[in-house]
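A.B. asks: One structure, pasted below without further comment.
The values are calculated or read from the model by the stated rules, or taken from the named source; none is laboratory data. Note that the coordinates shown come from a computational prediction; the quantities given were computed from them, not determined experimentally. Cβ placement follows ideal geometry from the backbone for every residue including glycine, while neighbour counts extend to all protein chains displayed. Please note that ligands, DNA and RNA were not included when accessible areas were found on the heavy atoms of the full protein model with its side chains. Shrake-Rupley method; radii C 1.70, N 1.55, O 1.52, S 1.80 Å.
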Amino acid sequence: MGSKDRILRLKEETRINILDASLDIVKEEGWQALSMRKIADKIEYTAPIIYEYFANKEAILMELTRKGFLLLARDMKEAKEKHRLPAKQIEAMWLAYWNFAFAQKEFYQLMFGVDVNCCEMAHLMPAAEEPFNMVTEVIQEILASQNPSEDDICVKYYTYWSVIHGLISINLTRRTTSDDINREILKTAISGITRSLSA
């Protein structure tokens, strides 16, 4: 490996270390505790080094948000590919979304502003569109015989999302019921909305 390649590899490793350290701080202390100084201390660098990789804390949050959406899209795609029927695909994708919210709680909080200010530019990144696009494609397939408009599809998507995101948000900020009850509520909501698509 040439010296140029080695330098590029080391730069990428440092960049990843900064992001990993940021996530570790958040897991230990919460999003409000994240600062450039704490990140520098965690990876044993000086704060100016961090600024060579990220202009500010917002840039780090933006990159973590992008990473979160990529992970969510991967999980939803894997779930969808396990099923052939659109109704099963949509249930599997929303269950994967639910699982992601709790397995990757810190990412979810940042991506959707649960108990933390989300990245203001997150809606502009292409990665944020992928979960939406996957679900709306299946909704369109289910509604195909009704020749739905874009507005019809959008309304159905936001019906799913508002119920599921609402339930997740309640449980992330104030856990009130058991996992079994929550999963039952989730499945009931998904199947009810899915049945309404075909009605």
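A.B. asks: Does the stretch 47-59 include one or more residues that are closer than 29 Å to Ala189 by Cβ, open to solvent by 30 Å² or more (accessible area, probe 1.4 Å), aromatic (Phe, Trp, Tyr) and at pLDDT below 95?
C.D. replies: The answer is no; no qualifying residue exists.
A.B. asks: Between a residue in the stretch 12-38 that is without any contact (Cβ under 8 Å) to a residue 24 or more places away in the chain and over 11 Å from Tyr53 (Cβ atoms) and any residue that is of a type in the set (Val, Ile, Thr) and open to solvent by 20 Å² or more (accessible area, probe 1.4 Å), which pairs come within a Cβ distance under 7 Å, given they are 6 or more apart or on different chains?
C.D. replies: Ala21/Ile43
A.B. asks: I'd like the full set of residues that are over 25 Å from His83 (Cα atoms) and either more than 23 Å from the chain's Cα centre (by Cα) or loosely packed, with under 11 Cβ neighbours inside 10 Å (or both), limited to the stretch 141-172. Step through it out loud before you land on a result.
C.D. replies: Just the residues of the stretch 141-172 that are over 25 Å from His83 (Cα atoms), to begin with: 149, 151, 166, 169-172.
Within the stretch 141-172, Ser149, Asp151 meet the criteria.
A.B. asks: I've got another one for you. When the stretch 153-168 is examined, which residues are found to be under 15 Å from Arg195 (Cα atoms) and not hydrophobic (A, V, I, L, M, F, W, C)?
C.D. replies: Once the filter is applied, which keeps residues that are under 15 Å from Arg195 (Cα atoms) and not hydrophobic (A, V, I, L, M, F, W, C), the stretch 153-168 yields Lys156, Tyr157, Thr159, Tyr160.
A.B. asks: Scan the stretch 159-190 residue by residue and report those that are among the small types (Gly, Ala, Ser) and touching a helix residue (DSSP H, G or I) at 6+ places or on another chain (Cβ under 7 Å).
C.D. replies: Matches in the stretch 159-190: Ala189 only.
A.B. asks: Consider the stretch 154-193. How many of its residues are aliphatic (A, V, I, L, M), out of contact with any Asp or Glu (no Cβ under 9 Å at 6 or more places or on another chain) and either in contact (Cβ under 8 Å) with a residue 12 or more places away in the chain or at positive phi (or both)?
C.D. replies: Here is the first cut: in the stretch 154-193, the residues aliphatic (A, V, I, L, M) are 155, 163-164, 167-168, 170, 172, 181, 185-186, 189-190, 193.
In the following step, the residues that additionally are out of contact with any Asp or Glu (no Cβ under 9 Å at 6 or more places or on another chain) were identified as 155, 163-164, 167-168, 170, 181, 185-186, 189, 193.
Those left that are additionally either in contact (Cβ under 8 Å) with a residue 12 or more places away in the chain or at positive phi (or both): 163-164, 167-168, 185-186, 189, 193.
Adding up the residues that qualify gives 8.
A.B. asks: What are the residues in the stretch 87-108 that are buried (at least 22 other Cβ atoms within 10 Å of the Cβ), more than 19 Å from Ala127 (Cα to Cα) and aliphatic (A, V, I, L, M), if any?
C.D. replies: Ile90
A.B. asks: Residues in the stretch 28-40 that are within 24 Å of Thr173 (Cα to Cα), surrounded by 11 or more Cβ atoms within 10 Å (Cβ to Cβ) and out of contact with any Ser or Thr (no Cβ under 9 Å at 6 or more places or on another chain): how many?
C.D. replies: The total comes to 4.
A.B. asks: Just checking, which of Arg66, Arg84 is open to solvent by 70 Å² or more (accessible area, probe 1.4 Å) and part of a helix (DSSP H, G or I)?
C.D. replies: That would be Arg66, the only listed residue that is open to solvent by 70 Å² or more (accessible area, probe 1.4 Å) and part of a helix (DSSP H, G or I).
A.B. asks: Mind checking whether some residue in the stretch 19-27 is surrounded by fewer than 14 Cβ atoms within 10 Å (Cβ to Cβ) and outside any helix (DSSP H, G or I)?
C.D. replies: The answer is no; no qualifying residue exists.
A.B. asks: Related question: Can you tell me which residues in the stretch 64-96 are of a type in the set (Phe, Trp, Tyr) and over 10 Å from the mean Cα position of the chain (by Cα)?
C.D. replies: Let us first name the residues in the stretch 64-96 that are of a type in the set (Phe, Trp, Tyr), namely 69, 94.
The one that is of a type in the set (Phe, Trp, Tyr) and over 10 Å from the mean Cα position of the chain (by Cα): Trp94.
A.B. asks: Report yes if some residue within the stretch 173-186 is open to solvent by 60 Å² or more (accessible area, probe 1.4 Å) and under 21 Å from Arg84 (Cβ atoms); otherwise report no.
C.D. replies: No, that holds for no residue.
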